[in-house]
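Asker: Provided herewith is a single structure, encoded as structure tokens, for subsequent inquiry.
The values are calculated or read from the model by the stated rules, or taken from the named source; none is laboratory data. What you see is a predicted model, and the numbers here were worked out from it, not measured in a lab. We place every Cβ from the backbone using ideal geometry, glycine too, and count neighbours over all the protein chains shown. Heavy atoms of the whole protein, side chains included, go into the accessibility calculation; ligands, DNA and RNA do not. Shrake-Rupley method; radii C 1.70, N 1.55, O 1.52, S 1.80 Å.
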2 protein chains.
Amino acid sequence: MEAKDNGPNQRPSNGTINGPTNPMVTPLLNDLYQFTMAYAYWKAGKHQERAVFDLYFRKNPFGGEYTVFSGLEECIRFIANFKLTDDEIDFVRQSLSPACEDAFFDYLRGLDCSDVEVYAIPEGSVVFPKIPLLRVEGPIAVVQLLETPFVNLINFASLVSTNAARHRKVAGKSKTLLEFGLRRAQGPDGGVGASKYCYIGGFDATSNVAAGKLFGIPLRGTHSHAFVSSYMSLDEITDRSLRRKDGSSTCEDFVSLVQTWLSKIQLFNGVFGETNQSELAAFTSYALAFPDNFLALVDTYDVMRSGIPNFCAVALALGDLGYKAVGIRLDSGDLAYLSYESRKFFCSIENEFGVPGFGKLIITASNDLNEETLDALNKQGHEVDAFGIGTYLVTCYAQAALGVVFKLVEINNQPRIKLSEDVSKVSIPCKKRSYRLYGKEGYPLVDIMTGENEPPPKVGERILCRHPFQESKRAYVVPQQVEELLRCYWPGYSGKERETLPPLKEIRERCINQLEQMRPDHMRKLNPTPYKVSVSAKLYDFIHFLWLNEAPVGELQ
Amino acid sequence: MEAKDNGPNQRPSNGTINGPTNPMVTPLLNDLYQFTMAYAYWKAGKHQERAVFDLYFRKNPFGGEYTVFSGLEECIRFIANFKLTDDEIDFVRQSLSPACEDAFFDYLRGLDCSDVEVYAIPEGSVVFPKIPLLRVEGPIAVVQLLETPFVNLINFASLVSTNAARHRKVAGKSKTLLEFGLRRAQGPDGGVGASKYCYIGGFDATSNVAAGKLFGIPLRGTHSHAFVSSYMSLDEITDRSLRRKDGSSTCEDFVSLVQTWLSKIQLFNGVFGETNQSELAAFTSYALAFPDNFLALVDTYDVMRSGIPNFCAVALALGDLGYKAVGIRLDSGDLAYLSYESRKFFCSIENEFGVPGFGKLIITASNDLNEETLDALNKQGHEVDAFGIGTYLVTCYAQAALGVVFKLVEINNQPRIKLSEDVSKVSIPCKKRSYRLYGKEGYPLVDIMTGENEPPPKVGERILCRHPFQESKRAYVVPQQVEELLRCYWPGYSGKERETLPPLKEIRERCINQLEQMRPDHMRKLNPTPYKVSVSAKLYDFIHFLWLNEAPVGELQ
């Protein structure tokens, strides 16, 4: 394929880049200093100098030892569409100094990302600190204009999919995980983004209709407490008829059928107190609207004395007409205890009235759940089948930001290093390649960075992996499999083939598969083993050579 | 004014509602259950029943005793534009059951908010738990469709403006506060929203160009570490000329002028080590681009040995040509110490070289600042004039969500209460009014809720203010001023006059003024006094009457 045919000025024919675009993401979604620097570069005639930047993070979030990389597709879509409008350029002009030369704004007008190359780890991969998630090459003025949007698009995306993956890990594979966070999210697209990236991290569905529409994520949701409170009594239900599921006949008074079942349940159960009539009316009304999808919120008044008997009465009445109720949702109280008691009640109904499967009705739990409460529920034991998780998940309450950075590692083929008194903040210079080395058991063993032109690690050949900064930390590894991490997602004029952007489901599958492939001790909640991240011997030597040359010689005082 | 003229179907002529619209905010930005409930209401013929919902929060964030209310304008804009497109309706149809009746979708097609009334506390007000921020009245199916978007739009907005107000409180009035959070924000409009609402909460400017354009917020930003690292030496600067500020002549070799000043500084300062030449080149280049706005990031290599002398050399050279440098930014290390040392250096330059004002150059500090680090800096003493604050501010790291809720308080003129075993979660029933009562010193004393039709509290007349739930907590108050809190922002068909939506600057001023008006002990960081929130004696009695009627009678076991 020739470079020109593959050039980024042409929209790719597979259409993946023309998917849903976040209208907030324009070149002005940027820090002002990216524009002031662009002007300064331009004024100095330096704007076309070829720079290489690495995008990476320094520390895994949530006290864990892994991160799920997300947000790549949005970045690629951003550069595919990168173009300043006249209106935007006028605003930049007003925001800079009036003394700025006109020719600069002509330059901005012509700017696009056709001369930029982006290499990235595939979205949904499990990733680790210091290893570049993206390597971005291009004219320095342009690449700097990508810094803020890229970091913004990747930071929260990766954070929240990691959070979702952690929730999945503690909930276990067999549970259904529902993301219910929209109302508490950090703004509208904080909510939409959370829905998308929680799905990548292993959630099954969302309540967020916009996210369902934009990304094809399965939707879930039934009714709220207000729905229950809005009813006063069964008298409010005017149309009481319900056709049997098989269409063979119509029950003219579904309400009476429900009431009959309620009496039987109360007789059997030995509870003669009245259940709440608002609730019974709401459940009945909801069942009439959705006889095939009856899932009721049972804690508006009292779960065991009112919600469960009311639910069962409606569910049994539905059963008489050939419908199968779905289950309940618990949104307060002692979820472990209430789930046990509900399950016991369902099983006793199954036995008493001979309704097969009634004991297996789905129990959904919600109410400020997070990793810790899921863990506590597991320790106590529970009968919950599905969890609805909101606030703590979507706002990443336990750690609301990931520290993704974007560092210059080379300009005009000259490697650059950013020093810091804090060693963890020293950047790893040079245009690099990264590899994941796998061991005999199939687990990833270590990630290694090398210079761009070093020979790649080879299967079955011993290679020295060094800690980037600590001299004594090093190990020989004989990889059984070698995976190059960075792939070309935006070839610029390099002529390289562009990786296609996979659909969301594939990204999600990659994430789930990669998480399963990790050695369990890296993944455990308590004191996980850090996954090793290393550099080649040659890169190590070069880092330390640069370091000594750049660092000022201190004086002891 | 007649209802029809003022009707919400007509766009208001003052244009404030037609300001920047967040394109993510559509009726599908909703939980699915709002649509399932709408269908169930419709199917039961209940969808037109008139409901009243209160939107409020239960607890002030960040361990404080106050909250800044923000997000109202977005809500009003949302209902002004509320309309489902055919495409959206098709999607809702796919997401509900195939058995749902067609006529419901015709109903959705005709839906708007013309029959909805919204009463709210003005945006930018200081607000407290339990007091409704919004009271929303209308057909229940419509009002439920407003729940998720309203809660989403207000939750983060109020949280982040409160966070900004708290940062302002600890920084003090005289400091310049800059919001630098875009790259770490929770997604693109998490960043844009944070910029807007931090400005309301008292910040002075943002780095976020999109927010500057959308909302007219002042912009700030100069250059990054990468800009410094991208230069190698002064040889890279090809155009070395700089015109004097007064235009009278041109200095042909500004680089030499800088070098001359650097030698003088080094001689005077007794430091003969070379400063970093990349840095000197970057500063010189930046000054050539922005001679009127020279603010340099001085910590890429070594602040006192390189950054400050390099900065001063460039600043003094600019001074020779009639320009006044702005100052420096410190982004690492011991900010208190470095700001002192920098100030000392500037003052010594002022004295040594007779440059008036040089000692007063602006010192900006950034690097993971938050309320705690600002407080610590204050305790140590520092010379910082401006703070750039990012991650902790915009993600509300200390508490990433506010618990705003939306509760049904009345339907068909029947009051509704939502009970809970947790008393703090019991809702306050009835369509209500709220008042802020002021004492002799001019401070707000207490907020009080009354039934809609109770006579309002009167200036100089004793009124009993009761805790909504605790019998023993009550006090007589003689208000010196009475302010009704809820105003009509969307009149529906009520014929009431609609409050105009003020421009952002006025909202910000309201916020700053209201914060200043509060009694200081409510505002302090450590152990603040809770501001009292109360109900009238009549409302108290009614709450407890309903409570007894609704609550199931328990059994001690």
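Asker: Select from segment A:19-77 the residues that are open to solvent by less than 20 Å² (accessible area, probe 1.4 Å), more than 9 Å from every other protein chain (Cβ to nearest Cβ) and outside any strand (DSSP E or B) and list them in ascending order.
Answerer: A:Ala38, A:Asn60, A:Pro61, A:Gly64, A:Tyr66, A:Phe69, A:Ser70, A:Gly71, A:Leu72, A:Cys75, A:Ile76, A:Arg77
Asker: For segment B:347-369, which residues satisfy the criterion of being open to solvent by less than 30 Å² (accessible area, probe 1.4 Å) and within 14 Å of chain A (Cβ to nearest Cβ)?
Answerer: Listed by number, the residues that qualify are B:Thr364, B:Ser366, B:Leu369.
Asker: Output the helices (runs of 4 or more DSSP H) that fall wholly within segment A:177-242 and possess 3 or more residues being at the interface with chain B (Cβ under 10 Å from one of its Cβ atoms) and under 28 Å from B:Asn22 (Cβ atoms), or say none.
Answerer: Of the helices (runs of 4 or more DSSP H) lying wholly inside segment A:177-242, those with at least 3 residues that are at the interface with chain B (Cβ under 10 Å from one of its Cβ atoms) and under 28 Å from B:Asn22 (Cβ atoms) span A:188-200, A:209-215.
Asker: OK, next. Would you be able to tell me the number of residues in segment B:421-444 that are more than 9 Å from chain A (Cβ to nearest Cβ) and among the acidic types (Asp, Glu)?
Answerer: Qualifying residue count, segment B:421-444: 1.
Asker: Would you pick out the residues in segment B:459-478 that are open to solvent by less than 80 Å² (accessible area, probe 1.4 Å) and in a loop (DSSP other than H, G, I, E, B)?
Answerer: Across segment B:459-478, the qualifying residues are B:Gly460, B:His467, B:Pro468, B:Phe469, B:Val478.
Asker: State yes or no: is B:Ser207 at negative phi and either surrounded by fewer than 24 Cβ atoms within 10 Å (Cβ to Cβ) or under 13 Å from the mean Cα position of the chain (by Cα) (or both)?
Answerer: When the stated conditions are applied, B:Ser207 does not pass them.
Asker: Any idea which residue in segment B:528-557 is farthest from the other protein chains (Cβ to nearest Cβ), counting only those that are at pLDDT 95 or above and touching a helix residue (DSSP H, G or I) at 6+ places or on another chain (Cβ under 9 Å)?
Answerer: Among those that are at pLDDT 95 or above and touching a helix residue (DSSP H, G or I) at 6+ places or on another chain (Cβ under 9 Å), it is B:Thr529.
Asker: OK, next. Residues that are closer than 23 Å to B:Lys175 by Cβ, open to solvent by less than 10 Å² (accessible area, probe 1.4 Å) and modelled with pLDDT of 95 or more: does segment B:400-423 have at least one?
Answerer: No, segment B:400-423 has no match at all.
Asker: Can you find even one residue in segment B:507-518 that is open to solvent by less than 70 Å² (accessible area, probe 1.4 Å), in contact with a Lys or Arg (Cβ under 8 Å, 6 or more places away or on another chain), in a helix (DSSP H, G or I) and under 27 Å from B:Ile428 (Cα atoms)?
Answerer: Yes, because at least one residue in segment B:507-518 is open to solvent by less than 70 Å² (accessible area, probe 1.4 Å), in contact with a Lys or Arg (Cβ under 8 Å, 6 or more places away or on another chain), in a helix (DSSP H, G or I) and under 27 Å from B:Ile428 (Cα atoms).
Asker: Still on this structure, I have one more. Quick check on my filter: what residues within segment B:380-399 are open to solvent by 10 Å² or more (accessible area, probe 1.4 Å) and of a type in the set (A, V, I, L, M)?
Answerer: B:Ala398
Asker: Just one of B:Asn367, B:Asn378, B:Asn351 is at pLDDT below 95 and more than 21 Å from B:Lys59 (Cβ to Cβ); which is it?
Answerer: B:Asn367
Asker: Only one of A:Ser195, A:Ser161 is buried (at least 23 other Cβ atoms within 10 Å of the Cβ), in contact with a strand residue (DSSP E or B) (Cβ under 8 Å, 6 or more places away or on another chain), more than 26 Å from A:Glu452 (Cα to Cα) and in the same structural domain as A:Glu49 (by TED's automatic domain parsing). Can you tell me which?
Answerer: After applying the criteria, what remains is A:Ser161.
Asker: Determine whether B:Leu84 is out of contact with any His (no Cβ under 6 Å at 6 or more places or on another chain), at pLDDT 95 or above and facing chain A (nearest Cβ under 9 Å).
Answerer: No; evaluated as a whole, the condition is false for this residue.
Asker: Turning to a different aspect of this structure: Go through (1) open to solvent by less than 20 Å² (accessible area, probe 1.4 Å); (2) closer than 30 Å to A:Asn163 by Cβ; (3) out of contact with any helix residue (DSSP H, G or I) (no Cβ under 6 Å at 6 or more places or on another chain); (4) not small (Gly, Ala, Ser) one by one and return the number of the condition A:Lys525 breaks.
Answerer: Here A:Lys525 meets the rest and fails (1).
Asker: Quick check on segment B:390-415: of everything there that is of a type in the set (S, T, N, Q) and within 21 Å of B:Ile154 (Cβ to Cβ), which residue is farthest from the other protein chains (Cβ to nearest Cβ)?
Answerer: Among them, the one singled out is B:Gln399.
Asker: Okay, moving on. Being under 23 Å from the mean Cα position of the chain (by Cα), within 26 Å of A:Gly138 (Cβ to Cβ) and of a type in the set (Val, Ile, Thr) is the filter here; which residues of segment A:373-415 pass it?
Answerer: If the condition is that a residue be under 23 Å from the mean Cα position of the chain (by Cα), within 26 Å of A:Gly138 (Cβ to Cβ) and of a type in the set (Val, Ile, Thr), then A:Val404, A:Val405 are the ones that fit.
Asker: Out of segment B:424-458, which residues are among the acidic types (Asp, Glu) and either in a strand (DSSP E or B) or closer than 20 Å to B:Arg135 by Cα (or both)?
Answerer: Of everything in segment B:424-458, those that are among the acidic types (Asp, Glu) and either in a strand (DSSP E or B) or closer than 20 Å to B:Arg135 by Cα (or both) turn out to be B:Asp447, B:Glu452, B:Glu454.
Asker: Please go through segment B:176-205 and pick out each residue that is over 17 Å from A:Met24 (Cα atoms) and of a type in the set (Ser, Thr, Tyr).
Answerer: Correct list: B:Thr176, B:Tyr199.
Asker: Is it the case that A:Lys418 is more than 7 Å from every other protein chain (Cβ to nearest Cβ), over 17 Å from the mean Cα position of the chain (by Cα) and of a type in the set (Lys, Arg)?
Answerer: no
Asker: Restricting attention to segment B:106-121, does a residue exist that is assigned by TED's automatic domain parsing to the domain that holds B:Ile507, without any contact (Cβ under 8 Å) to a residue 24 or more places away in the chain and not aliphatic (A, V, I, L, M)?
Answerer: There is at least one residue in segment B:106-121 that is assigned by TED's automatic domain parsing to the domain that holds B:Ile507, without any contact (Cβ under 8 Å) to a residue 24 or more places away in the chain and not aliphatic (A, V, I, L, M).
Asker: So, in segment B:222-250, exactly how many residues are under 25 Å from B:Gly322 (Cβ atoms), acidic (Asp, Glu) and surrounded by fewer than 11 Cβ atoms within 10 Å (Cβ to Cβ)?
Answerer: The number of residues fulfilling the criteria is 1.
Asker: So how many residues does segment B:243-290 have that are over 25 Å from A:Leu32 (Cβ atoms) and part of a strand (DSSP E or B)?
Answerer: The number of residues fulfilling the criteria is 2.
Asker: Is at least one residue of segment A:483-490 closer than 18 Å to A:Ile76 by Cα and open to solvent by 50 Å² or more (accessible area, probe 1.4 Å)?
Answerer: yes
Asker: So, in segment A:424-439, how many residues would count as being open to solvent by 60 Å² or more (accessible area, probe 1.4 Å) and modelled with pLDDT of 95 or more?
Answerer: Of the residues in segment A:424-439, 1 are open to solvent by 60 Å² or more (accessible area, probe 1.4 Å) and modelled with pLDDT of 95 or more.
Asker: Under 8 Å between Cβ atoms, at least 6 apart or on separate chains: pull out the pairs that start in segment A:345-373 with a residue that is farther than 20 Å from A:Asp299 by Cβ and end on any residue that is assigned to a loop (DSSP other than H, G, I, E, B).
Answerer: A:Glu350/A:Pro356; A:Glu350/A:Gly357; A:Gly357/A:Lys324; A:Glu371/A:Phe62; A:Glu371/A:Ala398; A:Glu371/A:Lys525
Asker: Further question: How many residues are surrounded by fewer than 20 Cβ atoms within 10 Å (Cβ to Cβ) and either among the basic types (Lys, Arg) or touching a Lys or Arg at 6+ places or on another chain (Cβ under 8 Å) (or both) if we restrict to segment A:447-458?
Answerer: The number of residues fulfilling the criteria is 5.
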